[in-house]
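First comes the structure, then the notes that go with it.
The values are calculated or read from the model by the stated rules, or taken from the named source; none is laboratory data. None of the values given here were measured: they were computed from a predicted structure. Cβ placement follows ideal geometry from the backbone for every residue including glycine, while neighbour counts extend to all protein chains displayed. Keep in mind that these areas ignore ligands, DNA and RNA; they rest on the heavy atoms of the full protein, side chains included. Shrake-Rupley method; radii C 1.70, N 1.55, O 1.52, S 1.80 Å.
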Amino acid sequence: MPDLLKAVEAPLNQNIPELHAGDSVSVHVRIVEGNKERVQEFKGTIIRLRKGGNDANFTVRRLASHGIGVERTFLLRSPRIEKVEVFRSAKVRRAQLYYLRDLRGKAARLKEKRRPTA
Amino acid sequence: MKGLIGKKVGMTQLIAEDGTVTPVTLIEAGPCFVTQVRTVAKEGYEAVQLGFEEVNPKRLPAGERGHLAAHNLPPLRHLREFRGAAEALKAGDRLTAAVFAIGDHVDVIGISKGKGFQGTIKRHNFNRQPKSHGASDRTRSPGSSGQTTTPGRLYKGKRMAGHMGSERVTSQNIRVVLVDGERNLVGVRGSVPGAKGAVVVIQAHRG
């Protein structure tokens with residue numbers, strides 16, 4: 001990427017750890033409701049990470065009530081993201097976990113990947 | 001006269017504090033030099049000629065070299081004329097991206113990406129013909145191009161297949177969303193004609 005594109009890049013949010021596809025995360029995002037601002041939590045599995053400076057984003061998938069899948073894409077460098085917590089990392093063999101969309105229940109489980117804890 | 005010559009850097013997006021995202025094209029604009037001021041007295045109209053990008057003097061024709069040397073200017077690759085009164089500008093002045101301010105509305109002129117020889121669907125937004133019901137090999141053909149014995153010829157300007165792109169295109173009335181005088185960087189909202197690295201002209205939108 002040309003240096004001049006890098007020059008306008010927003011700083012990385014310090015409250016976002018290194019993320020990987022397959023991570024179970026909780027994203028705390030500030031939303032405006034009427035004239036009040038509050039923090040909303042979105043819990044799910046990261047099924048996609050996209051790099052690219054200011055355009056970098058990640059998609060989190062969760063199963064809402066009645067087994068309906070809900071996916072939400074967050075901009076990695078958005079100041080609206082308060083923090084991201086990683087609960088669990090999974091051993092995955094591809095970068096985009098789109099196959100999870102077609103799986104339900106037991107089949108949609110991911111094998112946990114143990115990482116050395118710091 | 002408010003204008004600059006620049007090079008398209010590429011596109012990205014700017015994220016505001018409230019989370020709104022603006023698509024932006026970055027242009028490395030300047031430093032530009034005023035190479036000539038045209039006056040009503042001498043040339044019959046008012047304009048300013050700007051130059052951009054220093055170059056090895058050997059790569060310039062002797063005429064251009066002399067033209068630039070007359071005002072002690074460095075050898076410049078690109079010269080463009082901007083219509084309008086010079087106001088305080090005089091030959092030899094150095095302009096940076098700071099001539100524009102955030103919120104200004106500008107026109108950006110460039111040469112669009114070449115598309116080669118293209119059919120009527122891509123070039124003129126024609127519709128395609130049916131893929132089935134007996135149509136075997138002409139789904140993308142333009143269909144009828146005229147009438148019958150009267151007029152017995154095609155009207156001039158009939159839209160047909162041909163070369164597309166590589167032409168002068170102006171993105172009109174787009175907003176300046178970023179100015180960095182130090183890095184000579186101008187960011188405009190949305191897209192701008194041309195490939196990365198292409199020379200573009202930014203000027204204040206008229207009207």
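Summary table
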read-out: Of all residues making up segment A:80-97, the number that are open to solvent by less than 50 Å² (accessible area, probe 1.4 Å) and either within 14 Å of chain B (Cβ to nearest Cβ) or within 14 Å of A:G44 (Cα to Cα) (or both); value: 6
read-out: Residue tally, condition more than 7 Å from chain A (Cβ to nearest Cβ), open to solvent by less than 30 Å² (accessible area, probe 1.4 Å) and aliphatic (A, V, I, L, M), over segment B:3-12; value: 2
read-out: Flag for B:G114 being surrounded by 15 or more Cβ atoms within 10 Å (Cβ to Cβ) and of a type outside the set (V, I, T); value: no
read-out: Residue identified as in contact with a helix residue (DSSP H, G or I) (Cβ under 9 Å, 6 or more places away or on another chain), more than 14 Å from chain B (Cβ to nearest Cβ) and touching a residue at least 40 places away in the same chain (Cβ under 8 Å) among A:L5, A:L19, A:L100, A:L49; value: A:L100
read-out: Selected residue (criterion: least open to solvent (accessible area, probe 1.4 Å)) from residues of segment B:27-66 that are in contact with a Ser or Thr (Cβ under 7 Å, 6 or more places away or on another chain) and not small (G, A, S); value: B:L50
read-out: Every residue from segment A:59-79 that is hydroxyl-bearing (S, T, Y), surrounded by 14 or more Cβ atoms within 10 Å (Cβ to Cβ) and either farther than 14 Å from A:T45 by Cα or within 14 Å of chain B (Cβ to nearest Cβ) (or both); value: A:S78
read-out: B:I15, sole failed condition from (1) surrounded by fewer than 18 Cβ atoms within 10 Å (Cβ to Cβ); (2) assigned by TED's automatic domain parsing to the domain that holds B:I202; value: (1)
read-out: Which numbered condition B:K90 fails, given (1) in contact (Cβ under 8 Å) with a residue 40 or more places away in the chain; (2) charged (D, E, K, R); (3) at negative phi; (4) surrounded by 15 or more Cβ atoms within 10 Å (Cβ to Cβ); value: (4)
read-out: Selection status of B:G157, assigned to a loop (DSSP other than H, G, I, E, B) and surrounded by 12 or more Cβ atoms within 10 Å (Cβ to Cβ); value: no
read-out: Close pairs from segment B:17-43: first within 10 Å of chain A (Cβ to nearest Cβ) and without any contact (Cβ under 8 Å) to a residue 60 or more places away in the chain, partner assigned to a loop (DSSP other than H, G, I, E, B) and small (G, A, S), Cβ under 9 Å, at least 6 apart; value: B:G19/A:S78; B:V21/A:S78
read-out: Residue check for B:G143: surrounded by fewer than 11 Cβ atoms within 10 Å (Cβ to Cβ) and either in contact (Cβ under 8 Å) with a residue 12 or more places away in the chain or of a type in the set (F, W, Y) (or both); value: yes
read-out: Qualifying residues in segment B:163-197 (those that are among the small types (G, A, S), at negative phi and crowded, with 16+ Cβ neighbours inside 10 Å) - the one nearest to the chain's Cα centre (by Cα); value: B:S171
